[in-house]
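The structure appears right after this line, and notes come after that.
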Protein chains: 2
Amino acid sequence: MAASTLSEVARLAGVSLATASRVLNGSSRKPAEDIADRVRQAADKLGYVPNAQAQALAKSSSGLIGLIVHDIADPYFSAIARGVQGAAREQNRMVLLASTSGSPAEEREAVAAFAARRADSIVIAGSRSARDEDALANAGLAAELDRYCRNGGHVGVVGHPVVGASTTEGYRVVEVPNEELAADLARELADSHDAGFVVVAGPEGLFTSDDRVRGFQRGLAEAGRPAAEVIRTGFNRAGGYDAGLALAERITSAKDRLCIFAVNDVMAIGVTAALRSKGVWIPRDATIAGFDDIETLRDFRPALSTVFLPLEEIGRLAAGATEGGSVTGSVKLRRSTEVPAGDPA
Amino acid sequence: MAASTLSEVARLAGVSLATASRVLNGSSRKPAEDIADRVRQAADKLGYVPNAQAQALAKSSSGLIGLIVHDIADPYFSAIARGVQGAAREQNRMVLLASTSGSPAEEREAVAAFAARRADSIVIAGSRSARDEDALANAGLAAELDRYCRNGGHVGVVGHPVVGASTTEGYRVVEVPNEELAADLARELADSHDAGFVVVAGPEGLFTSDDRVRGFQRGLAEAGRPAAEVIRTGFNRAGGYDAGLALAERITSAKDRLCIFAVNDVMAIGVTAALRSKGVWIPRDATIAGFDDIETLRDFRPALSTVFLPLEEIGRLAAGATEGGSVTGSVKLRRSTEVPAGDPA
DNA sequence: CTGTTAGCGCATTCAC
DNA sequence: GTGAATGCGCTAACAG
């Protein structure tokens, strides 16, 4: 990566390095217009591209913002990524991407890598987990983040404070009211459903999943309904599919009418696909709701009831677009939870 | 972003800077084990994180790979991004992300920014355009890329060579057989359809779109069919929706049976949604096929006929995961193009 | 095997 | 207003 340097430009323009620097990169001191032109022309002629690394080193600020997601191809994360990217652009920064599959150990590595690159801030989009097996890695992650903050870094977390963080200094948490919204959803569903409820959740310990489950149960309780059974599975489409297969059997054999709450849209789609493969139709034989209101999934039929979350905005906030810290969502009841008329729902 | 430096570590460990460098960052020369331990302990105690900027400056290789997409939230791009990210991880690099909305001017800026950061390579995922209005910006983009390559950079392009590149040095093009695959699709559809064909395409000049249109027409011709009418619209869901509204009218009034080819899946979904809103059902009243085989859309019903493209692999290749340069796809006929039995298709 | 030295490309005090 | 000098944090030739 050899390119022409500032001193080459300076020499060609017949000025000093300092002067060239002043005209090419904004400085408070303003060189004369004629000399400035000479420098600009020289730069142009040499195809000068300032070395951001060197600049960063000299003024110790990299203009980088690190983003950590579980999987960039997951529409939930890519929507957040869009928001982060937008905020970065406004701040004249670039975003550094890391996908970690949700493993705290890999997240820790990513944080270290971002810190090494002296990222101005780091956004952690993925849900953290409190599983025992992750305890050690989580501690490592927290330590790495704390150190990063202590060195002046800013971190934006979506959803939950980082487990084990020893300080709040430098942290910005974008609170997502998962629990409240899930409770809202439960209450609204309770209004129209006499059926039993089942929750298809992610692995225990995943905060996002746990919050939504807790909220849903609370909502049911507030509506005077018994708690829903909870099925634990993978926090993705495949997990939903597996759960769907299990549920299909129950629905067809026991002819129970069930209202299913999958803790995210992608899982809900998986459940639906599995049910359909077994001849169980939504909303004829069972109803289902998801969470997130993923844009790409809105044309799905039957239209999926869900909870809208302003994902892009969440990304913007986590990236520090504005100081505000919390967002809100709203229940979207659609076709997938419409109990057929005249049915003993 | 103040953090402890190598020299602080060296001092605390009572060794020289060079020695500290050798033990902490891989070097061919190996210091003694006891001294190495001292250094590592000192580093650990100080929470030393190497400054990647400084390292990059010193050995002029940044370990960065730049990725340019139109919109990271578009599943097509996020799938490619996953591949790039994977390749980057294997190469021990990090990916820098830029979204440009497809504007060549913004792409040029992104390339400049990547060049400034001395990215080891740049991947351009978005389709380039040959519209007259973009000519100037395209020239600028080509110039920027050429310069980048001349300075030793590598660029990976998916689909098409960059318009106006003056050299092939440093370029790696991942050829996507859009035209051939679209022709395959057309031939297969011609087998089962007596109906007329309509193509819902992106704006003229967009290479990806144009190739698919051309291929489709060629396939029809080879099957002895008249050329399809082409509707130009936005290369996204909204564009598809608009086209769908127009088509709905024609389908319901003229009761023509139509087989629609939308040049990508997202557009196909838009078309389908519009048709549905007007009471036109797929595949009962019309049939439709897309392109890309987007993963998130596979559970869509009626299942969308499309052309599978190994997007993640494309990303890997463009990022230089391996030297191979071309990929292949395959036609996936599914429910959306199944002509109802006994119907005069 | 270890320490010294000289840059990498640039921003920024200082003198002039 | 402009130029010379210093340092950002680190790697890589060199000496020792």
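For the reader, a short list of remarks on this structure follows.
- Qualifying residues in the range A:57-67 (those that are more than 7 Å from chain B (Cβ to nearest Cβ) and surrounded by fewer than 24 Cβ atoms within 10 Å (Cβ to Cβ)) - the one nearest to the chain's Cα centre (by Cα): A:63
- Selection status of residue B:54, hydrophobic (A, V, I, L, M, F, W, C), outside the structural domain of residue B:209 (by TED's automatic domain parsing), within 16 Å of DNA strand D (Cβ to nearest atom) and part of a helix (DSSP H, G or I): yes
- Looking only at the range B:289-323, residues that are within 13 Å of chain A (Cβ to nearest Cβ), farther than 30 Å from residue B:65 by Cα and not small (Gly, Ala, Ser) come to 6 in all.
- Residue tally, condition under 14 Å from the mean Cα position of the chain (by Cα) and either surrounded by fewer than 19 Cβ atoms within 10 Å (Cβ to Cβ) or facing chain A (nearest Cβ under 10 Å) (or both), over the range B:103-135: 0
- Within the range A:260-288, the residues that satisfy the criterion of being within 14 Å of chain B (Cβ to nearest Cβ), touching a residue at least 40 places away in the same chain (Cβ under 8 Å) and among the polar types (S, T, N, Q) are A:264, A:272.
- Flag for residue B:16 being small (Gly, Ala, Ser), open to solvent by 40 Å² or more (accessible area, probe 1.4 Å), modelled with pLDDT under 90 and at negative phi: yes
- Scan of the range B:36-56 for residues that are small (Gly, Ala, Ser), surrounded by fewer than 21 Cβ atoms within 10 Å (Cβ to Cβ) and either within 13 Å of residue B:11 (Cβ to Cβ) or away from DNA strand C (no atom under 12 Å from the Cβ) (or both), ordered by number: B:47
- Checking each residue in the range B:218-259 for being of a type outside the set (Lys, Arg) and within 13 Å of another protein chain (Cβ to nearest Cβ) picks out B:236, B:238, B:240, B:241, B:244.
- Residue in the range A:150-172 that is part of a helix (DSSP H, G or I) and either assigned by TED's automatic domain parsing to the domain that holds residue A:286 or within 21 Å of the chain's Cα centre (by Cα) (or both) present: no
- The number of residues in the range B:75-102 being within 7 Å of chain A (Cβ to nearest Cβ), farther than 20 Å from residue B:202 by Cα and of a type outside the set (Gly, Ala, Ser) comes to 6.
- Look at the range B:292-306: where a residue is over 22 Å from residue B:339 (Cβ atoms) and a partner is assigned to a strand (DSSP E or B), sitting 6+ places away or on another chain with Cβ atoms under 9 Å, you get B:292/B:306; B:292/B:307; B:292/B:308; B:294/B:306.
- Hits in the range B:26-64 (condition: in contact with a Gly (Cβ under 8 Å, 6 or more places away or on another chain) and either among the small types (Gly, Ala, Ser) or at pLDDT below 85 (or both)): B:52, B:56
- Taking the criterion of being touching a strand residue (DSSP E or B) at 6+ places or on another chain (Cβ under 7 Å) and in contact (Cβ under 8 Å) with a residue 60 or more places away in the chain, the residues of the range B:153-177 that qualify are B:154, B:156, B:157, B:158, B:172, B:173, B:174, B:175, B:176.
Condition check ((1) touching a Lys or Arg at 6+ places or on another chain (Cβ under 9 Å); (2) open to solvent by less than 60 Å² (accessible area, probe 1.4 Å)) across all residues:
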site: A:158; (1), (2): no, yes
site: A:166; (1), (2): no, no
site: A:169; (1), (2): yes, no
site: A:203; (1), (2): yes, yes
site: A:225; (1), (2): no, yes
site: A:234; (1), (2): no, yes
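- Residues (more than 14 Å from every other protein chain (Cβ to nearest Cβ) and within 8 Å of DNA strand C (Cβ to nearest atom)) located in the range A:6-18: A:7, A:9, A:16, A:17, A:18
- Meets criteria (open to solvent by less than 60 Å² (accessible area, probe 1.4 Å) and free of Cβ contacts under 8 Å to residues at least 40 places away in the same chain) for residue B:208: no
Listed here are the residues, each with its yes/no results for (1) more than 16 Å from the chain's Cα centre (by Cα); (2) surrounded by fewer than 19 Cβ atoms within 10 Å (Cβ to Cβ); (3) aliphatic (A, V, I, L, M).
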residue	(1), (2), (3)
A:264	no, no, no
A:269	yes, no, yes
A:272	yes, no, no
A:287	yes, no, no
A:302	yes, yes, no
A:314	no, no, yes
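- On inspection, residue B:69 fails the criterion of being in contact with a Phe, Trp or Tyr (Cβ under 6 Å, 6 or more places away or on another chain) and within 8 Å of DNA strand D (Cβ to nearest atom).
- For the range A:228-340, the helices (runs of 4 or more DSSP H) that sit wholly inside it and include 2 or more residues that are at pLDDT 95 or above and within 24 Å of residue B:99 (Cβ to Cβ) are A:265-277, A:311-318.
- Selection count, the range B:29-62, where residues are out of contact with any helix residue (DSSP H, G or I) (no Cβ under 7 Å at 6 or more places or on another chain) and under 26 Å from residue B:119 (Cβ atoms): 5
The values are calculated or read from the model by the stated rules, or taken from the named source; none is laboratory data. Please read all numbers here as calculations on a predicted model, not as lab measurements. Cβ: placed from backbone, ideal geometry, glycine included. Neighbour counts: every protein chain shown. Calculation scope for accessible area: heavy atoms of the full protein, side chains included, ligands and nucleic acids excluded. Shrake-Rupley method; radii C 1.70, N 1.55, O 1.52, S 1.80 Å.
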